[in-house]
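Trainee: If you scroll down you'll find the structure; I have some questions about it.
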Amino acid sequence: MTLELNIFNICRQPQDLEDVQEVNLLESILEEETYLAYQPTNLLFELENFCELLTDDTPIDVSHVFNAENKLDTKWRPKIEQLPPLTASLKPSSNEIPTLELKSLPNDLKYAFLGPDSTFPVVISSQLSHDQEGKLMEVLKQHKGAIGWTIADIKGINPLVCTHRIYLEENAKVSREMQRRLNPTMKEVVKTEILKLLDVGIIYPIADSKWVSLIHVIPKKSGLTIVKNEKDELIPTRISTGWRMCIDYRKLNAATRKDHFPLPFLDQVLEKVAGHDFYCFLDGYSGFYQIEIAPEDQEKTTFTCPFDTFTFRRMPFGLCNAPATFQRCMLSIFSDMIEKCLEIFMDDFSVFGSSFDACLTNLQAVLARCEEKHLLLNWEKCHFMVQQGIVLGHIVS
């Protein structure tokens, strides 16, 4: 008897769906091992065994049931590295004069100092007369509390004025991401940032959050610089000057109910700002960090890193509704000034006036409002009493 098997004919036959093609045991084995590694101590079993050994004369002490020897040591737990102790805590500039790096400025700008011995610098126009500069410095010294020189100066806007909320869609699925490996350079960047944010109270450790997001360390780009490529052609390039820690909130944002608060159109902002004689271009000091998150929503901002899991007390960058919350907050604070002497796009403030005295009066009103609402401005990014400047990537004069 001879059996002939034609493989080409068999391949053309209909497939039986009930045939076994493959058996994947990896997932079932992983679930079983994970359960064995993470299952909690059976309290009832331990107490029953303990009670059998008790007599009437035995003192009742069950503390040894929960000692470290009875806890399961597992290799499945993520490795947490210890943060080094803070060598020097950041202090507000009102308590300790900060040491700052003064960078080179264009010819139309210069540094002026609000404190003795060249301390508390600000950036002003170099084309002002002696009298104009004196009037400007008097206003800046009067409202010195509106300007920040370190992140420790941030007091935060009153939660009654603005609080960020994170509303989730119905039936939103929680996401807990595992930490990723970082090379030594990136790990050092993360450690420095974590220590800084912990020191000023912007973040705090948390261990039981349902939401855990990843961190990324990306290159920090500088302004446009003209460099030559391999063909000796001059091209504008953004040169990397360091590293920046970012939180990947994509899964949280996908489950978040969107806030459709409208942002201003860029062309309308530029049209209203252009055509004035004097400007003061102001910038918030880490603007998002000045707005608190509602306590019940803080755990949703939890992120993991090699040093533990932390959550934000203040509004971080990367949340989908953070720009809308910030713009709404700024409009509520400066509602009576917008379109009259001030234009705001996020944390960029443009104060303008038809003359030096008019612009100075408007600046004084804005600084007083910032002090009242504890809105802090960045000393390095604020340019006072200039005749032209860059607004949203455009030169305005």
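Trainee: Within the set Lys103/Lys187; Lys141/Lys381; Lys251/Lys300; Lys258/Lys300; Lys155/Lys373, which residue pairs have Cα atoms separated by over 20 Å?
Mentor: Table pairs above 20 Å Cα-Cα are Lys103/Lys187.
Trainee: Taking 7 Å along the Cα-to-C-beta vector as the label spot, tell me the Ser129-Ile390 distance in nanometres, rounded to one decimal.
Mentor: 3.2
Trainee: Work out the FRET efficiency for Thr99 and His374 from their Cβ-Cβ distance, taking R0 = 25 Å, and round it to the nearest 0.05.
Mentor: So the FRET efficiency works out to roughly 0.55.
Trainee: Please report Ser350, Ser335, Ser93, Ser175 as a ranked list, fewest other C-beta atoms within 10 angstrom at the top and most at the bottom.
Mentor: Ordered by Cβ neighbours within 10 Å, fewest first: Ser335, Ser175, Ser93, Ser350.
Trainee: If you don't mind, another one. Using amide H atoms built 1.01 Å from N in the peptide plane, name the residues 5+ places from Ser175, or on other chains, whose amide H lies under 5 Å from its own.
Mentor: For Ser175, the qualifying residues are Val212.
Trainee: If segment 284-355 were replaced by its equivalent ellipsoid, with semi-axes equal to the square roots of 5 times the Cα gyration tensor eigenvalues, what would those be, largest first, whole Å?
Mentor: Three semi-axes, in Å: 32, 12, 8.
Trainee: Express in nm, to one decimal, how much length is gained between Leu90 and Val161 on full extension, taking 0.36 nm for each residue of separation and deducting their alpha carbon distance.
Mentor: Result: 22.9 nm gained on full extension.
Trainee: Which far-off residues, 5 or more places away or on another chain, put their amide H under 5 Å from the one on Trp243, with H placed in the peptide plane?
Mentor: Amide H neighbours of Trp243: Lys220.
Trainee: Enumerate the amide H contacts of Gly353 below 5 Å, restricted to partners 5 or more residues apart or on another chain; note that Pro and chain-start residues carry no placed amide H.
Mentor: The list, which skips near neighbours in sequence, is Asp277, Phe278.
Trainee: Moving on to the next point. Can you give the percent of C-alpha pairs in segment 109-396 whose distance is more than 33 Å?
Mentor: 32
Trainee: Then there's this: Given a Förster distance of 25 angstrom, what is the FRET efficiency for Asn171 paired with Asp248, based on the Cβ-Cβ distance and rounded to 0.05?
Mentor: 0.65
Trainee: Could you work out the per residue convex hull volume over the alpha carbons of segment 259-397, in cubic angstrom?
Mentor: 127
Quick note: the coordinates plus some simple rules give every number you see, no bench work behind them. Everything numeric here is computed off the predicted structure, so don't read it as measured data. All Cβ positions, even for glycine, are placed from backbone atoms using ideal geometry, and neighbour counts span all protein chains on display.
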